[in-house]
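Below: one structure, written as structure tokens.
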Amino acid sequence: MKQTLETLEKIYHRPLFDLIQESRRIFLEFWPKNEVQLCTLLSVKTGGCSEDCGYCAQSAHYNTGLQKESLMSTAEVLPVAERARANGSTRFCMGAAWKGVRDGDPKFETMIETVREVSKLGMEVCVTLGQLGDIEARKLKEAGLTAYNHNIDTSPEHYKKIVSTHTFEDRLNTIGSVQRAGLSVCCGGIIGMGENETDRLSMLEVLCSLDPEPESVPINCLTPIEGTPLAKTPPIDIFELVRLIATSRIVLPKAKIRLSAGRDRLSREGQALCLFAGANSIFYGDKLLTATNPGVDEDRTLLESLGLTPQAPYSDVPVPSACAS
Ligand code: SAM
Ligand code: DTB
Ligand code: SF4
């Protein structure tokens, strides 16, 4: 539901325990207690991206030392997806470092084929391939895609300071195509890119205004990458992250809120607080796209010690409407 910046500010600034108490209440009303969805990421095309996103290891504009890799074939991706499923992931997300995809491009045909095959494994399938239009979104949906990840990343105002090769409006246009195709939208952002509190809440205001609302909202903490303009940005305070997660849970009660990049710099206690406040998914596996993530053993131990269980495949958790048959 649409929210004004003023309402979001009021929620966000409550005393922390009052805020968490309310987000926890809403969380328990909408979601099975103690379940966390595990989602595995795979970078299927790495580095050499034409865009200049100031946080990204994969931009060709910065010297980040990343080894470029060309698009993986369907046959290369499948065993990785099978392993992810065997390890307990119920969602598999493939990312490509390029500006966008066009129908007719052989790379797009490869992605369609990969989505078709991975979708047969019984996990939710998500891709993040940059800009696309109505035709591409429809073809991905027909191939069996569940969701498309395309983050707005920050407020419209702050976005201009982070990226110059495309606009905030371009991001919204792609999200529009994804919605029209009936795919579920995964859209969130990054905190810790030098934005202020108003920017974070204004990002949330935009997320709440999407119609339909995003089914999935990743909240990433900036992973500073050597060589990028944001390499030296200081880490955010854990309570700011908890406040944003709790506020997001209150205003987007049905969304999967994903505690995303940057977990390896959070303490176990910090992560526990985020999961208590309403986050109900983590990226699972030693690697995100290019950056490190806590190891799978460490994550298993964390979930076990908190008495949380990975969301079971085919459990009662409401399947995103776009992939319900
Ligand atoms: N090229 C596609 C795009 O821009 O949408 C997909 C890949 S991009 C790596 C996916 C998302 O990962 C970004 O929108 C951003 O939210 C997140 N991300 C990328 N680098 C990050 C970093 N260093 N720290 C935190 N999040 C990051
Ligand atoms: C999202 O919001 N976070 C994930 C997923 N969507 C694709 C990606 C995080 C990338 C972190 C930096 C890296 O691995 O290069
Ligand atoms: Fe390219 Fe996406 Fe990285 Fe931007 S975030 S540089 S579009 S891979």
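The values are calculated or read from the model by the stated rules, or taken from the named source; none is laboratory data. Just so you know, these numbers come straight off a predicted model, no measurement behind them. Glycine gets a Cβ as well: all are built from the backbone with ideal geometry, and neighbour counts include every protein chain shown. Ligands, DNA and RNA are stripped out before the accessible areas are found, and what is left, the full protein with its side chains, is counted by its heavy atoms. Shrake-Rupley method; radii C 1.70, N 1.55, O 1.52, S 1.80 Å.
Before moving on, here are some points about what is shown:
- The set of residues from region 266-295 being open to solvent by 30 Å² or more (accessible area, probe 1.4 Å) and either in a strand (DSSP E or B) or modelled with pLDDT of 95 or more (or both) comprises L266, S267, R268, E269, L273, F276, K287, L289, T290, T292.
- Entry remark, region 86-107: residues being within 14 Å of ligand 1 (Cβ to nearest atom) and more than 18 Å from the chain's Cα centre (by Cα) number 2 in total.
- In region 85-100, the condition of being without any contact (Cβ under 8 Å) to a residue 40 or more places away in the chain, hydrophobic (A, V, I, L, M, F, W, C) and touching an Asp or Glu at 6+ places or on another chain (Cβ under 8 Å) is met by no residue.
- Any hit, region 6-15, residues being farther than 22 Å from T154 by Cβ and modelled with pLDDT of 95 or more: yes
- Residues of region 270-298 that are more than 16 Å from ligand 3 (Cβ to nearest atom) and out of contact with any strand residue (DSSP E or B) (no Cβ under 8 Å at 6 or more places or on another chain): G270, A272, L273, F276, A277, T292, P294, G295, V296, D297, E298.
- Total residues in region 241-250 satisfying the condition of being hydrophobic (A, V, I, L, M, F, W, C) and either open to solvent by 10 Å² or more (accessible area, probe 1.4 Å) or modelled with pLDDT under 95 (or both): the figure is 1.
- The conditions of being at negative phi and surrounded by fewer than 21 Cβ atoms within 10 Å (Cβ to Cβ) are not met by I257.
- Residue selected from region 169-193 under the condition more than 13 Å from L210 (Cβ to Cβ), within 13 Å of ligand 1 (Cβ to nearest atom) and without any contact (Cβ under 8 Å) to a residue 60 or more places away in the chain, by the criterion surrounded by the most Cβ atoms within 10 Å (Cβ to Cβ): I191
- Residue in region 38-48 that is within 13 Å of ligand 3 (Cβ to nearest atom) and polar (S, T, N, Q) present: yes
- For region 159-168, filtering for residues that are open to solvent by 20 Å² or more (accessible area, probe 1.4 Å) and part of a helix (DSSP H, G or I) leaves 3.
- The set of residues from region 195-231 being part of a loop (DSSP other than H, G, I, E, B), buried (at least 21 other Cβ atoms within 10 Å of the Cβ) and within 15 Å of ligand 2 (Cβ to nearest atom) comprises P214, E215, L222, T223, I225, T228.
- Residue ID - nearest to L210 (Cα to Cα), chosen from residues in region 10-21 that are more than 23 Å from the chain's Cα centre (by Cα) and either among the aromatic types (F, W, Y) or open to solvent by 60 Å² or more (accessible area, probe 1.4 Å) (or both): K10
- Residue match in region 297-306 (condition: open to solvent by less than 40 Å² (accessible area, probe 1.4 Å), aliphatic (A, V, I, L, M) and either in a loop (DSSP other than H, G, I, E, B) or modelled with pLDDT under 95 (or both)): no
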